[in-house]
Amino acid sequence: MTWAALIALCVISYGLKAVGPVLVGGRELGPQLRQTLDLVAVPLLAALILLQTTAVGHHLVFDERVPALGVAGVLVWRKAPFLVVVLAAAATAALLRAVA
Amino acid sequence: MAATVATAPSRTLTGAAGIGIAVGVYGVSFGVLAVAAGLSPAQACVMSMLVFTGASQFAFVGVLAGGGGVLAAMAPAVMLALRNTAYGLSVAPLLTGPLRRRAVEAQLVIDETTAMARAEDDPRAARRAFLATGVSVWLCWNAGTLAGALLGGGLGDPRAFGLDAMFPAAFLALLAPQLRRPGAPVAAVAGAIIAVAVLPFAPAGVPVVAALAGVVPGVLVARGVRP
């Protein structure tokens, strides 16, 4: 039963991923559709950033992740290299947790 | 569009490797949790290779660990995987190879690869970022899962190292350059508001998918229509 569910999940998750690349990929798209697709990732990433920083289950919680994202935000604004941004965020959260 | 600036391949590779390492550590914790929830190491590894969507996989084993059945575990896993359809549509114009190649590349469509690709203006640089990140994350996620499934517990909580704070920071760094596009700031703010608004009552995964509606005001603004 577990194997069957597992295989079903593999098929479903691949199918969900493949809709765009298989059906749309490689085609010439109109400028309006291109513009829309260019924006698709933006609200999803914004939601992901916000929820990964503040959500626990169905609630918003302000913990060590929030100042960590603040540090990351300042570094992004100062055009710091990507790895510096990510490591600084981890270090901030780890430090605050160690102190707490 | 303004003059496009492509990130140097070496910087793309560094970024892809960095994301891969962070994901790999989470792969270890996934392997540990999966085995603790009752999956065999083989099942955990097949899941990481073929499902290859971290959030869905954690949700699946989380329900099993909480005593739920496999069917109950499927629902949140599928909900969380839904956003990959939007990501797949977003990166589809970049994937211009033959069908067989696109069918393989589709497996790499996840948060990290879409964010890395979409942070690039130049299509070739974007394709390079997508593939480099996809291969790096796939290898690290699976190596981590195998290690976690075989080693079991006793590796410590990744939160103590602040690893959970790495992902939003990475996505922020990757979202920032995209905000220069017309309508993108509006789409980002609308997406965030929608996600928070539905969070209290929507099942896991739905808030991020619902945020997709933020594209609508973004496109309207980009076309010069004031909503």
(request) Find all pairs meeting these conditions: Cβ atoms under 6 angstrom apart; at least six residues apart or on different chains; first residue within the range A:37-58 and over 13 Å from B:LEU175 (Cβ atoms); second residue in a helix (DSSP H, G or I). (result) A:LEU37/B:LEU89; A:LEU37/B:SER90; A:LEU51/B:ALA195
(message) Can you find, within the range A:48-65, the residue that is farthest from the other protein chains (Cβ to nearest Cβ) among those that are surrounded by fewer than 17 Cβ atoms within 10 Å (Cβ to Cβ) and touching a helix residue (DSSP H, G or I) at 6+ places or on another chain (Cβ under 8 Å)?
(response) A:PHE62
(request) For residues that are of a type outside the set (D, E, K, R) and crowded, with 17+ Cβ neighbours inside 10 Å, scanning just the range A:27-43, find the one that is farthest from the chain's Cα centre (by Cα). (result) A:GLN35
(message) Restricting to the range B:195-223, give me the number of residues that are facing another protein chain (nearest Cβ under 7 Å), surrounded by 17 or more Cβ atoms within 10 Å (Cβ to Cβ) and under 13 Å from A:LEU51 (Cα atoms).
(response) 6
(request) Filter the range A:79-97 down to residues that are more than 8 Å from every other protein chain (Cβ to nearest Cβ) and either exposed (fewer than 14 other Cβ atoms within 10 Å of the Cβ) or among the β-branched types (Val, Ile, Thr) (or both) and give me whichever is nearest to B:GLN178 (Cα to Cα). (result) A:LYS79
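Among residues belonging to the range B:125-146 that are over 22 Å from A:VAL42 (Cβ atoms) and of a type in the set (Val, Ile, Thr), point out the one that is surrounded by the most Cβ atoms within 10 Å (Cβ to Cβ).
B:THR145
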(request) Quickly run through the range B:96-124 and pick out the residues that are facing another protein chain (nearest Cβ under 7 Å), of a type in the set (Val, Ile, Thr) and surrounded by fewer than 23 Cβ atoms within 10 Å (Cβ to Cβ). (result) B:THR96
(request) Could you pull out the residue among B:VAL63, B:VAL46, B:VAL32 that is at pLDDT 90 or above, out of contact with any Asp or Glu (no Cβ under 9 Å at 6 or more places or on another chain), under 21 Å from A:CYS10 (Cα atoms) and assigned to a helix (DSSP H, G or I)? (result) B:VAL46
(message) Being crowded, with 20+ Cβ neighbours inside 10 Å, within 10 Å of another protein chain (Cβ to nearest Cβ) and more than 17 Å from the chain's Cα centre (by Cα): is that true of B:ALA149 here?
(response) no
(request) Among the residues of the range A:66-78, count how many are closer than 19 Å to B:PRO185 by Cα and either aromatic (Phe, Trp, Tyr) or facing chain B (nearest Cβ under 7 Å) (or both). (result) 5
(request) Test B:ALA86 against the criterion of being in contact (Cβ under 8 Å) with a residue 40 or more places away in the chain and buried (at least 18 other Cβ atoms within 10 Å of the Cβ), and give yes or no. (result) yes
(message) Among the residues of the range A:6-14, are any assigned to a helix (DSSP H, G or I), in contact with a Lys or Arg (Cβ under 7 Å, 6 or more places away or on another chain), more than 23 Å from B:ILE21 (Cα to Cα) and within 7 Å of another protein chain (Cβ to nearest Cβ)?
(response) no
(request) For the range B:195-205, state whether one or more residues are in a helix (DSSP H, G or I) and more than 21 Å from the chain's Cα centre (by Cα). (result) yes
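What number of residues within the range B:172-187 are farther than 17 Å from B:ALA117 by Cα and either β-branched (Val, Ile, Thr) or under 19 Å from the mean Cα position of the chain (by Cα) (or both)?
Matching residues across the range B:172-187 total 2.
The values are calculated or read from the model by the stated rules, or taken from the named source; none is laboratory data. All figures in this text were calculated on a predicted structure; none of them were measured in a lab. Ideal geometry is used to build each Cβ from the backbone, glycine not excepted, and the neighbour counts take in all protein chains shown.
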